[in-house]
1. So which residues in the stretch 1-42 are among the small types (Gly, Ala, Ser) and either open to solvent by less than 30 Å² (accessible area, probe 1.4 Å) or on the phi < 0 side of the Ramachandran plot (or both)?
2. Looking at the stretch 330-344, which of its residues are within 11 Å of residue 389 (Cα to Cα) and not hydrophobic (A, V, I, L, M, F, W, C)?
3. Hey, can you tell me all the residues within the stretch 444-477 that are in contact with a Ser or Thr (Cβ under 7 Å, 6 or more places away or on another chain), assigned to a loop (DSSP other than H, G, I, E, B) and not β-branched (Val, Ile, Thr)?
4. Could you tell me whether the stretch 316-332 includes any residue that is within 30 Å of residue 157 (Cα to Cα), in contact with an Asp or Glu (Cβ under 7 Å, 6 or more places away or on another chain), at pLDDT 95 or above and not in a helix (DSSP H, G or I)?
5. Within the stretch 329-338, can one find any residue that is farther than 20 Å from residue 275 by Cβ, touching a Pro at 6+ places or on another chain (Cβ under 9 Å) and touching a residue at least 60 places away in the same chain (Cβ under 8 Å)?
6. Only one of (1) at negative phi; (2) touching a residue at least 24 places away in the same chain (Cβ under 8 Å); (3) out of contact with any Lys or Arg (no Cβ under 8 Å at 6 or more places or on another chain); (4) of a type in the set (A, V, I, L, M, F, W, C) is not met by residue 405, so which one is it?
7. Could you tell me which residue of the stretch 372-393 is nearest to residue 352 (Cα to Cα), considering only residues that are without any contact (Cβ under 8 Å) to a residue 40 or more places away in the chain and not small (Gly, Ala, Ser)?
8. Find all pairs meeting these conditions: Cβ atoms under 9 angstrom apart; at least six residues apart or on different chains; first residue within the stretch 428-445 and without any contact (Cβ under 8 Å) to a residue 12 or more places away in the chain; second residue among the hydroxyl-bearing types (Ser, Thr, Tyr) and open to solvent by less than 40 Å² (accessible area, probe 1.4 Å).
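The values are calculated or read from the model by the stated rules, or taken from the named source; none is laboratory data. In this text, all values refer to a predicted model and were calculated from it rather than measured experimentally. Cβ sites come from the backbone with ideal geometry, for glycine too, and all protein chains shown count toward neighbours. For the accessible areas, the whole protein counts, side chains as well, though only heavy atoms, and no ligand, DNA or RNA atoms are used. Shrake-Rupley method; radii C 1.70, N 1.55, O 1.52, S 1.80 Å.
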Amino acid sequence: MEVRDYGLYIAGKSVPASSNETADVLDPATNRPFARVASGSRDDVNAAVEAARAAFDSADWRDLDPSKRGRLLWLLGQQVRDHFDELSRLESQNVGKPLREAKGDIAYVYKLFEYYAGLADKIQGETIPVPGARFDYTVREPLGVTAHIAPWNYPLLLASRGVAPALAAGNAVVLKPATLTPLTALRLGELAGAAGFPPGIVNVVTGPGRDVGGALAAHPDVDSVTFTGSTDTGKQLLRVVADRVVPTTLELGGKNPQIVLADAKIDRAVKGALWGAFQNAGQMCWAGSKLFVHESIASSFLGKLQDQVEKLRLGPPLKDDVQMGPLASREHATNVVAAIEDGIGKGAKLLAGGGRTDAGELKDGNFVKPTVFEDPPAAARVAREEVFGPVVAAWHFDDLDDAIARANDTPYGLAAGVWTQDVGKAHAIARRLQAGMVSINEFPVTFPQTPFLGWKQSGLGQEQGVDAVLFYTHVKNVLVNLE
């Protein structure tokens with residue numbers, strides 16, 4: 001297999017790391033290297049932020065008509081469309097997700113840029129009535145240089161979810177992709193140049209999270225930080241940015257419940273539970289990893305779910321018939337298996353899966369069987385922790401109030417699902433669930449125009465929608481005495 005070399009993307013061109021150090025990128029299906037990426041450092045962060053600041057301050061960007069800025073975003077979306085197959089295959093191979101899922105991710109990416117392209121010239125202030133002969137109004141101005149620290153599970157999608165609104169608001173960005181999955185982010189930088197963005201407006205610095213991500217968060221010339229990742233890492237980052245008091249968005253972990261009522265359409269709910277737990281091999285902060293199923297249908301529901309899980313086809317992600325690929329790294333797969341073994345050891349009933357699979361062509365990869373537990377005890381990791389893998393825990397309930405209380409009994413509050421044909425009851429349950437997002441009769445579902453946010457330790461701030469672009473602006477109040 002040919003190993004391709006990638007540099008950092010700073011000031012409109014690909015450059016080596018200042019130290020000339022590189023790191024191998026591994027194929028999760030084989031654990032063999034297929035790319036080599038520059039490993040950046042604090043010096044490279046400084047260079048990227050300096051390039052972003054110079055580009056932001058340039059009249060070519062500062063004075064650009066917002067509609068023309070929107071046109072650049074639209075053209076970047078078109079570049080993603082034009083390179084759809086290339087980006088999809090790269091994302092699939094780098095992350096390990098089936099190609100059909102990667103294609104869905106890349107389609108979402110160009111929709112993000114197209115959505116925010118339409119908002120670029122609609123960021124506006126307001127007039128405010130005040131006493132006397134005065135005129136008072138507000139304007140919204142870009143923050144400046146925005147830092148974006150992206151995760152490895154949806155590398156390009158979740159990076160673009162912050163980069164697109166930041167650019168729409170008129171900022172210059174520095175993107176730090178995850179060490180495991182940097183390739184499509186680097187390609188995005190190149191495509192931004194091809195779309196016509198001035199050099200320095202989009203920069204990508206790869207390298208270790210502690211060094212590069214930490215340097216970005218602490219940099220005195222960075223005006224906001226957007227981070228997607230684990231809750232523990234988010235807390236550490238928040239301590240860093242607290243010293244500088246800059247706007248920060250954190251999209252963190254989740255342990256997301258789905259409540260299946262007695263009148264739910266069982267086959268549809270089973271499909272939703274399957275997709276909600278096992279897409280991207282369960283490596284999703286919004287995975288529906290906690291199921292509460294009404295006692296009257298629990299046996300039928302779990303039997304059908306077990307049957308569907310056992311039929312899932314695992315394999316190399318670029319194969320057409322594969323439904324679930326490997327986990328992103330060997331280390332992560334080991335941690336997920338440890339959580340499964342903990343559940344078994346603590347007496348949870350294992351309905352499907354239960355550990356690694358290493359048959360045939362899967363033997364060298366990070367493959368973990370999709371796993372379903374029934375009634376795990378509260379002390380089991382699979383019952384309370386975000387395992388971030390293909391693992392779901394299910395319990396029976398007969399009292400709805402108890403099910404809602406158990407669904408809310410978590411430090412997280414990202415997503416939740418409700419399955420019922422009683423729409424009135426569904427709305428009532430949605431109001432009581434402590435989650436930033438509730439889906440009724442499908443899970444999980446989101447769009448560029450709908451808010452993506454978590455409560456409690458699932459995050460701060462909001463991604464997507466109109467409010468996301470407003471986050472990347474300052475509000476300035478101007479008062480004029482007319483006398």
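1. Of the residues in the stretch 1-42, the ones among the small types (Gly, Ala, Ser) are 7, 11-12, 14, 17-19, 23, 29, 35, 38-41.
7, 14, 17, 18, 19, 23, 29, 35, 38, 39, 40, 41, listed by residue number.
2. 332, 334, 335
3. Start the filter on the stretch 444-477 by keeping residues that are in contact with a Ser or Thr (Cβ under 7 Å, 6 or more places away or on another chain), which leaves 445, 452, 457, 460-461, 463-465, 471-472, 475-477.
From what's left, assigned to a loop (DSSP other than H, G, I, E, B): 445, 457, 461, 464, 472.
Across the stretch 444-477, the qualifying residues are 457, 461, 464, 472.
4. Residues of the stretch 316-332 within 30 Å of residue 157 (Cα to Cα): 316-332.
Okay, now just the ones that are also in contact with an Asp or Glu (Cβ under 7 Å, 6 or more places away or on another chain), so 316.
Still in the list and also at pLDDT 95 or above: 316.
Retained after the next criterion (residues that are not in a helix (DSSP H, G or I)): 316.
Yes; the residues of the stretch 316-332 include at least one that is within 30 Å of residue 157 (Cα to Cα), in contact with an Asp or Glu (Cβ under 7 Å, 6 or more places away or on another chain), at pLDDT 95 or above and not in a helix (DSSP H, G or I).
5. Within the stretch 329-338 (the criterion being farther than 20 Å from residue 275 by Cβ, touching a Pro at 6+ places or on another chain (Cβ under 9 Å) and touching a residue at least 60 places away in the same chain (Cβ under 8 Å)), the answer is yes, since at least one residue qualifies.
6. Checking residue 405 against (1) at negative phi; (2) touching a residue at least 24 places away in the same chain (Cβ under 8 Å); (3) out of contact with any Lys or Arg (no Cβ under 8 Å at 6 or more places or on another chain); (4) of a type in the set (A, V, I, L, M, F, W, C), the one that fails is (2).
7. Filtering the stretch 372-393 down to residues without any contact (Cβ under 8 Å) to a residue 40 or more places away in the chain leaves 373, 375-380.
Narrowing the set further to residues that are not small (Gly, Ala, Ser) leaves 373, 375-377.
Numbers: 373: 7, 375: 13, 376: 14, 377: 17 Å.
Of everything passing the filter in the stretch 372-393, 373 is nearest to residue 352 (Cα to Cα).
8. These pairs meet every condition: 445/439.
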